[in-house]
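Below is one structure, written out as structure tokens; the observations come after it.
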Amino acid sequence: MRKKEMVAMLLAGGQGSRLGILTSYVAKPAVAFGGKYRIIDFALSNCINSGIDTVGILTQYQPLQLNRHIGIGIPWDLDRNYGGATLLPPYISSESGDWYTGTANAIYQNMSFIDYYNPEYVIILGGDHIYKMDYEMMLNYHKQNNADVTISVYKVPLEEAHEFGILNTEDGRKIIEFEEKPANPKSDLASMGIYIFNWSTLKSALKIMEETHENSDFGKHILPYLLEKGANLIAYEFDGFWKDVGTLEAYWQANMELIDLVPEFNLYEPYWKIYTKNEIQPPQFLGPDSNVETCILGDGVEIEGQVYNSVIGSNVMIGKNTIIRDSIIMSSTIIKDNAVIERSIISEGCIIDENVVMGVGDNTINVEFPKIYWSGLTVIGERTYIPEGIKIGKNCSLYGNFTKEEFTDGILESGTNLLAKGGEL
Amino acid sequence: MRALGIILAGGKNERLKDLTVNTALAAMPIAGSYRAIDFALSNMANSGINKVAVVTQYNSRPLVEHLSSSKWWDFGRKHGGLFVFTPYLTHDNSLWYRGTADAINQNMEYLKTSHEPYAIISSGDAVCKIDFNKVLAYHVEKRADITIVCKHVEGEDLHRYGVVQVDDDNRINEFEEKPIIPMGNLVSTGMYIIRRRLLIEMLEAIAKEERFDIVSDIIIRYRKQKKIYAYVHDEYWKSVASLPSYYNANLDFLDKDVRNYFFRQDPTIMSKVEDEPPAKFNVGSLVRNSLSSSGCIINGEVHNSMLFRKVFIGRNSIVKNSIILNGTYIGDNCYIENCIVDSKCNIPNGSVHKAEVGEIEIIVNREPFYL
């Protein structure tokens, strides 16, 4: 029987609610990153660069953008006769028909997909981190240690350890305890949510946990169960660049790090390329009066104005005398003449009309969502239209096809949200 | 579409001088992330032609590499697809292609085993956009034997082209290849439509007489006997087969109308996807009226120029009115004006290359240098 040594299962169904309006209509893995990429590109590129050519992608929340992006996996060379990329949405069977209720439950519901390839090992990945990692080295480590499960871990500052799933180890390798967000962490090794399982071990654990829990989860159920059973759980320390982009501030930071003179996370290295679906190919045009400094620009961008310290996606148009600073502009957005944009994130396909001012004023924390919009970032949802001359403060979120009348005196105060009456553009 | 395509991308061309020492003309980079042949291929794909042969022999390796997968032009189909024909040895033939007609004749099986009633022949070195459906409709309407796509050209370089003279019905009655004194300003663009059976017939007929060229041995020789019509296509068209036209065709893309015409008005030009990261503009970069491509890293000043993929410009360097091809590294404190820098070159710190206005200096320097 034909078999694959290792199959990857990529969990891409989560919403990522801490990204606010960015993920209201798009799954987090499909959110744009670094000019021309989407967050999921990093995990997918890691797979193919590590020699894994069979990837199941579990989707659930707002999958349209993700489906369109992945297609049959051509950009990652994952269009294969045997293996390749497979999108796995929830489905109905004769006995049941359930949403994915937890991370392990999602895998449980797709056991037959994995069985088809009869693998020795299964690697579980998340679709929401920015990193370059060779999963093959992790697999070698897994084999050397005769492990049942290998969990990749990342050293975090001890004072931040309470925000992560922390692994306590014997001699830094054998895992003896697993604590989810501990108040008093005993170790600084955080789980990266990347696991290699022996498929036989995982399969039996999935079945048992499915009987006892409705929403079986790797962190909460599978790993503690295996630990208790005495399975050999090994920590694999990863010391490369790894970034969680789960919050708006972290997402913005990770983007901004790419524009450093020599970024720690270097996209320009010829080996370990990051692949993405690339529909737009024309060169970037910078007009006769443009000024562009410390920026990265995607393909087909046309700039007539001034852009500083920003990440600009593909096919963005920026008009004359417009000034953009410390911002992320996603693909196919049009910003017309004489606008000023400061510290904002503007999603895909927006139109910002002339003389709009955004991201200025006092730094009032958002009243409705103080945990999301607090760091001064103003966020515009996808395909939003902002009419001429509107002034928008800090920590705001906007979505929809606005008319001028929806703004009192043409102003949106800092710390407020606005949803257009007219709905989508 | 009831036609198959043939792209002639084979000839030796010395007019681009050092730039085509290692590269076929059809594989020359154009407009940042494209190559010359992308225009012919995209025109065919966008016209619904799904079977295309590229005939090539001179410096074909970079071209074949570019065409290594047909999926970028959507030619990866069960029926039809993309074929690349280079010369090969057989039991009774050991010759290179001796001319454009001979090149097709040596691949006669392609024509004979096809079932499409028409053949569309195009050169691989022109920057243009055309809907061959319209040309074919015209060809059928005129009951022509051969239809040649023609264009009115202004300026002095008429002597580079094949100049045609037409009657009131646009039937061609005179055709002069590279004339000393041109008889008009309507020139052949090197794109033809001909019935497949007639093409087979004519190729076999001229091969018996040891004649090998489409223009001189088919078109000029048969111009009175066959009904050859001109289809006038007065839109953007530029052959890149000379140094000034290669330079100008690239810098034409600084014009917004030209960019919109090729890149934003449907159908657009397609090319092989290279997975380069976004272009990066560091502190101190000043880029005005210029085009840059993915993978570029810019620290210096760029004016009225085109940078192809993966170009590096060092600190305090100035590039003016120039074209920098793929993967070239320009060090710090350089000054480059009115130049074309070849691909994968290394320009050491402090180099100065300045050509007079109206002249174009070609820079080739692949010597490695160390910081």
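The values are calculated or read from the model by the stated rules, or taken from the named source; none is laboratory data. As the structure is a prediction and not an experimental result, all values here were calculated from the model. Cβ placement follows ideal geometry from the backbone for every residue including glycine, while neighbour counts extend to all protein chains displayed.
Below is a table of values for the structure above.
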| item | result |
| --- | --- |
| Residues of segment A:116-159 satisfying the condition of being within 22 Å of A:Gly14 (Cβ to Cβ), out of contact with any Asp or Glu (no Cβ under 9 Å at 6 or more places or on another chain) and not hydrophobic (A, V, I, L, M, F, W, C) | A:Gly126, A:Gly127, A:Tyr131, A:Tyr135 |
| Condition check for B:Val55: modelled with pLDDT of 90 or more, within 15 Å of the chain's Cα centre (by Cα) and away from chain A (no Cβ under 14 Å) | yes |
| Among residues of segment B:315-332, those that are within 17 Å of A:Thr294 (Cα to Cα) and surrounded by 21 or more Cβ atoms within 10 Å (Cβ to Cβ), counted | 1 |
| Residue selected from segment A:32-47 under the condition within 11 Å of another protein chain (Cβ to nearest Cβ) and in a helix (DSSP H, G or I), by the criterion surrounded by the most Cβ atoms within 10 Å (Cβ to Cβ) | A:Asp41 |
| Residue tally, condition in a helix (DSSP H, G or I), of a type in the set (Val, Ile, Thr) and touching a residue at least 40 places away in the same chain (Cβ under 8 Å), over segment A:1-29 | 1 |
| In segment B:336-363, the residues that are more than 30 Å from the chain's Cα centre (by Cα) and buried (at least 16 other Cβ atoms within 10 Å of the Cβ) | B:Pro348, B:Ser351 |
| Residue ranges of strands (runs of 3 or more DSSP E) in segment B:306-347 with at least 1 members among the β-branched types (Val, Ile, Thr) and within 16 Å of B:Asn282 (Cα to Cα) | B:318-320 |
| Answer residue from segment B:327-368, given it is touching a residue at least 60 places away in the same chain (Cβ under 8 Å) and aliphatic (A, V, I, L, M) and is nearest to B:Ile298 (Cα to Cα) among those | B:Ile340 |
| Hits in segment B:1-34 (condition: part of a loop (DSSP other than H, G, I, E, B) and among the small types (Gly, Ala, Ser)) | B:Ala9, B:Gly10, B:Gly11, B:Ala24, B:Ala31, B:Gly32, B:Ser33 |
| Elements of type strands (runs of 3 or more DSSP E) in segment A:259-342, at least 3 residues being more than 9 Å from chain B (Cβ to nearest Cβ) | A:306-312, A:323-325, A:340-342 |
| Residue match in segment B:238-248 (condition: away from every other protein chain (no Cβ under 12 Å), hydrophobic (A, V, I, L, M, F, W, C), part of a loop (DSSP other than H, G, I, E, B) and more than 30 Å from A:Val292 (Cα to Cα)) | yes |
| Considering residues of segment B:139-168 that are over 21 Å from B:Ile218 (Cβ atoms) and of a type in the set (D, E, K, R) only, the residue nearest to the chain's Cα centre (by Cα) | B:Asp157 |
| Total residues in segment A:297-340, condition farther than 20 Å from B:Cys296 by Cβ and among the polar types (S, T, N, Q) | 6 |
| Selection within segment B:71-98 - outside any strand (DSSP E or B) and on the phi > 0 side of the Ramachandran plot | B:Asp74, B:Gly80 |
| Total residues in segment B:206-233, condition modelled with pLDDT under 95, surrounded by fewer than 16 Cβ atoms within 10 Å (Cβ to Cβ) and not basic (Lys, Arg) | 3 |
| Single match in B:Ser294, B:Ser285, B:Ser317, B:Ser290 (criterion: of a type in the set (Gly, Ala, Ser), within 23 Å of the chain's Cα centre (by Cα) and over 25 Å from B:Asp74 (Cβ atoms)) | B:Ser290 |
| Tabulated pairs, segment A:62-76, first within 14 Å of chain B (Cβ to nearest Cβ), second among the polar types (S, T, N, Q), C-beta under 7 angstrom, 6+ apart or interchain | A:Pro75/A:Thr276; A:Pro75/A:Asn278; A:Trp76/A:Ser45 |
| Output for segment A:61-82, where each listed residue is surrounded by fewer than 19 Cβ atoms within 10 Å (Cβ to Cβ) and in a loop (DSSP other than H, G, I, E, B) | A:Gln62, A:Gly71, A:Ile72, A:Asp77, A:Asp79, A:Arg80, A:Asn81, A:Tyr82 |
| Selection within segment B:284-310 - farther than 21 Å from B:Ala355 by Cα and more than 8 Å from every other protein chain (Cβ to nearest Cβ) | B:Cys296, B:Ile298, B:Asn299, B:Arg309, B:Lys310 |
| Condition met for B:Asp102 (acidic (Asp, Glu), assigned by TED's automatic domain parsing to the domain that holds B:Val215 and in contact with a strand residue (DSSP E or B) (Cβ under 7 Å, 6 or more places away or on another chain)) | no |
| Residues of segment B:173-221 satisfying the condition of being assigned to a loop (DSSP other than H, G, I, E, B) and either free of Cβ contacts under 8 Å to residues at least 40 places away in the same chain or under 12 Å from B:Tyr161 (Cα atoms) (or both) | B:Lys178, B:Pro179, B:Ile180, B:Ile181, B:Pro182, B:Met183, B:Gly184, B:Asn185, B:Glu209, B:Glu210, B:Arg221 |
| Residue check, B:Ser68 part of a loop (DSSP other than H, G, I, E, B) and closer than 27 Å to B:Ile340 by Cβ | yes |
| Considering residues of segment B:262-283 that are in contact with a helix residue (DSSP H, G or I) (Cβ under 7 Å, 6 or more places away or on another chain) and facing another protein chain (nearest Cβ under 7 Å) only, the residue surrounded by the most Cβ atoms within 10 Å (Cβ to Cβ) | B:Ser271 |
| Matching residues, segment B:107-122, being surrounded by fewer than 23 Cβ atoms within 10 Å (Cβ to Cβ) and either of a type in the set (S, T, N, Q) or in contact with an Asp or Glu (Cβ under 7 Å, 6 or more places away or on another chain) (or both) | B:Asn107, B:Thr113, B:Ser114 |
| Restricting segment A:48-60 to residues that are part of a loop (DSSP other than H, G, I, E, B) and out of contact with any helix residue (DSSP H, G or I) (no Cβ under 7 Å at 6 or more places or on another chain), the residue that is farthest from the other protein chains (Cβ to nearest Cβ) | A:Gln60 |
| Every residue from segment B:35-56 that is of a type outside the set (D, E, K, R) and either surrounded by fewer than 17 Cβ atoms within 10 Å (Cβ to Cβ) or in a helix (DSSP H, G or I) (or both) | B:Ala36, B:Ile37, B:Phe39, B:Ala40, B:Leu41, B:Ser42, B:Asn43, B:Met44, B:Ala45, B:Asn46, B:Gly48 |
